[in-house]
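Single-structure report; data block below.
The values are calculated or read from the model by the stated rules, or taken from the named source; none is laboratory data. Keep in mind the model is a prediction, meaning the values are calculated, not measured. Note: ideal-geometry Cβ built from the backbone for every residue, glycine included; neighbour counts use all protein chains shown.
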Amino acid sequence: MLKTIRYSALLAGASALLAPAAIAQERNLDRETSDIRTFSGRVENAPSVFTVTIPADTSMRIDVLATGDFDPVVRVLDARSGDLIAEDDDGGDGLNSRVNVSGENGRRVRIEVDSFDSEWVEEGESYGGRFNLQLTSRTGAAVGTRAVTYGARETGTILDSGDENLFTFRAAAGDMIEVALLSEGELDPYLTLRDASGGDILTDDDGGQGFNSYLRHTFEDAGTYTIVASGFGSSTGDYTLRVRDRREASAQLPLQVIGFNDTASGEVTSSWNSDSMMPTHIDYQLSEEALAAVLAGNGQVTIRMNAGEGGDADFGGSIDPLLELGFETPYGFAVADRDDDGGEGLNSMLPVDLGLIADNPGLLDMLRIRAQGLGGSSGAYTLTITPGMEERIEPADAEIMLEAAAPPPIRIPPPGPPAPPRPSN
C-alpha cells in the first residue's frame with residue numbers, strides 16, 4: 001500500500017524537531033567513480049542528500065535498497081529550481097523505493113532519501129537506517145511522432161513514468177485498425193487511441209497476451225488519428241508496437257443457421273473489448289433439414305468448435321474455444337450443457353443426443369449452440385455438427401475450469417402433460 005509522504009509538513013517542522021548538526025552532508029555523485037553505480041548511505045534523523053547529473057537523451061533509474069527493517073522514501077528534485085520531479089515509497093521490491101527520471105536536455109537533480117518513520121517522529125525521538133543508492137543509466141534519445149500504417153512494426157522505450165510515444169495513422173471512413181503494444185521486460189504496456197482533437201477514443205491495458213495491450217477500432221470518419229504508447233502506472237522499459245495488416249471489418253451476425261455435416265466459421269472478440277463490430281459470442285440454430293433429421297430419430301450428434309489456424313496471438317488470435325448448448329427463453333439464454341477442452345488440445349467437443357427432446361418441437365425451435373472464447377480469449381474458429389456421439393476428452397481439472405468460466409448450467413426439463421381440467425361446480 002502506498003503511503004502518503006507529507007513532505008511539506010516535515011520541512012515545516014524540521015527545525016523544531018531536529019538539531020542542525022544532524023543534517024547529512026550533500027554528496028556530489030558526479031565526482032564518484034563506480035562500475036556498478038551503487039553508493040552506500042545512511043539516514044540519521046534527517047534526509048540523506050545526493051546530487052547527480054543526468055545527461056541529455058538518457059534516463060536514470062534510481063533505486064533505494066534498504067537494509068534491515070529500514071523503510072526508505074525517495075524524492076527527486078530539480079537541483080536548480082527545486083521543483084519536484086518524482087517521489088516514491090515502496091515502488092521497488094518489498095519496502096525499497098524506485099523512480100525513473102528522464103535527462104531531457106541534460107539536467108542536474110537532487111536526490112533526497114528519508115525514512116517513512118520521519119512522518120511520525122515526536123520531539124526527542126530518533127529514526128533512520130542504512131541503505132544502498134543504485135543508479136542505472138539508460139541511453140535513448142527522445143523519439144518524435146512517427147507515422148504508421150497497416151503492417152507497421154515499431155520499437156521504442158518509455159524512459160520515464162508518464163512518458164508518451166506518439167504514432168499517427170491516416171484512416172478512411174470504415175477502416176478497421178488493430179494495434180498491439182508488446183513488452184517482455186518491466187514495462188506494463190498501455191495503449192490509447194485519440195482523435196484529431198486529442199480526445200481519447202479507446203484505451204487498453206491488458207487486452208492482449210499477459211500484460212500486453214491490444215485494441216481494435218472501426219473509424220466512422222476519415223482523418224488522422226494518434227496511437228499513444230505508454231506504461232501503466234510508473235512502469236518503464238522497451239516495447240514493440242504492431243499494427244496488423246489490413247482486414248475488412250466483416251459483419252458477424254449474432255444468430256446463424258447450421259446443419260449436420262456443415263462447417264461454419266466465425267470470429268469473436270473479448271468481452272473486455274467494448275468498441276468492436278465483432279460479437280463476444282455467436283449463437284447457432286439448427287437448419288430445417290437438421291430438425292427433420294432429429295424428428296426422424298437421428299438426434300445423436302457431436303458438436304465441435306476448433307480454434308482457427310494461423311491466428312496471431314499478439315492481436316488476440318489465440319481463442320480457447322468454449323461451447324455451450326442451451327435454449328433461448330423469454331428470460332435469456334439458459335445453459336443445458338457446455339464443454340471446454342473436450343476435443344484435441346484446447347478445442348471443444350460436445351456429444352449430445354438431441355433425440356431426448358424430439359417429442360417437444362417447441363424446445364427444438366428454442367435450441368441454440370453458443371460459440372465463444374473462454375476467459376475473454378478471442379479469435380477465429382470453425383464449428384461443425386456431425387452424426388454420432390463421440391467420446392470426449394475429460395481432463396482431470398475440467399470441472400474446476402468450467403466452474404471458473406461460467407455459472408452453473410440451468411437445466412430445463414421437457415414440459416409435462418397438461419393439467420386436467422378443473423371440475424365444474
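Being at pLDDT below 90, surrounded by 14 or more Cβ atoms within 10 Å (Cβ to Cβ) and either in contact with a helix residue (DSSP H, G or I) (Cβ under 6 Å, 6 or more places away or on another chain) or farther than 28 Å from residue 57 by Cα (or both) is a property that residue 175 lacks.
Conditions (1) in a loop (DSSP other than H, G, I, E, B); (2) within 21 Å of residue 314 (Cα to Cα); (3) at pLDDT 85 or above; (4) not assigned by TED's automatic domain parsing to the domain that holds residue 369, marked per residue:
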| residue | (1), (2), (3), (4) |
| --- | --- |
| 193 | no, yes, yes, yes |
| 225 | no, no, yes, yes |
| 264 | no, no, yes, no |
| 271 | yes, yes, no, no |
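Going by what's in this entry, would residue 157 be described as in a strand (DSSP E or B), among the hydroxyl-bearing types (Ser, Thr, Tyr) and in contact with a strand residue (DSSP E or B) (Cβ under 9 Å, 6 or more places away or on another chain)? The answer is yes for residue 157. Taking the conditions (1) at positive phi; (2) out of contact with any strand residue (DSSP E or B) (no Cβ under 9 Å at 6 or more places or on another chain); (3) among the polar types (S, T, N, Q) in turn, residue 197 satisfies each one other than (1). Can we say residue 200 is of a type in the set (D, E, K, R), loosely packed, with under 15 Cβ neighbours inside 10 Å and under 20 Å from the mean Cα position of the chain (by Cα)? The answer is yes for residue 200.
Here segment 160-183 is the region considered, the condition is being among the polar types (S, T, N, Q) and in a loop (DSSP other than H, G, I, E, B), and the residue that is farthest from residue 220 (Cα to Cα) is 161. Where strands (runs of 3 or more DSSP E) fall entirely within segment 291-361, those with at least 1 residues that are without any contact (Cβ under 8 Å) to a residue 24 or more places away in the chain are at 332-340.
The residues of segment 233-262 that are modelled with pLDDT of 85 or more, part of a loop (DSSP other than H, G, I, E, B) and among the basic types (Lys, Arg), listed by number, are 244, 246. Does any residue of segment 127-143 turn out to be of a type in the set (A, V, I, L, M), surrounded by 14 or more Cβ atoms within 10 Å (Cβ to Cβ), closer than 30 Å to residue 47 by Cβ and at pLDDT 90 or above? Taking every residue of segment 127-143 in turn, at least one turns out to be of a type in the set (A, V, I, L, M), surrounded by 14 or more Cβ atoms within 10 Å (Cβ to Cβ), closer than 30 Å to residue 47 by Cβ and at pLDDT 90 or above. Whether a residue is part of a loop (DSSP other than H, G, I, E, B), charged (D, E, K, R) and more than 21 Å from residue 238 (Cα to Cα) was assessed, and residue 186 does not pass this test.
Under the condition of being within 15 Å of the chain's Cα centre (by Cα), surrounded by 14 or more Cβ atoms within 10 Å (Cβ to Cβ) and assigned to a loop (DSSP other than H, G, I, E, B), the residues counted in segment 210-223 number 2. Kindly indicate whether any position in segment 119-132 is part of a strand (DSSP E or B) and closer than 24 Å to residue 238 by Cα. Within segment 119-132, none of the residues are part of a strand (DSSP E or B) and closer than 24 Å to residue 238 by Cα.
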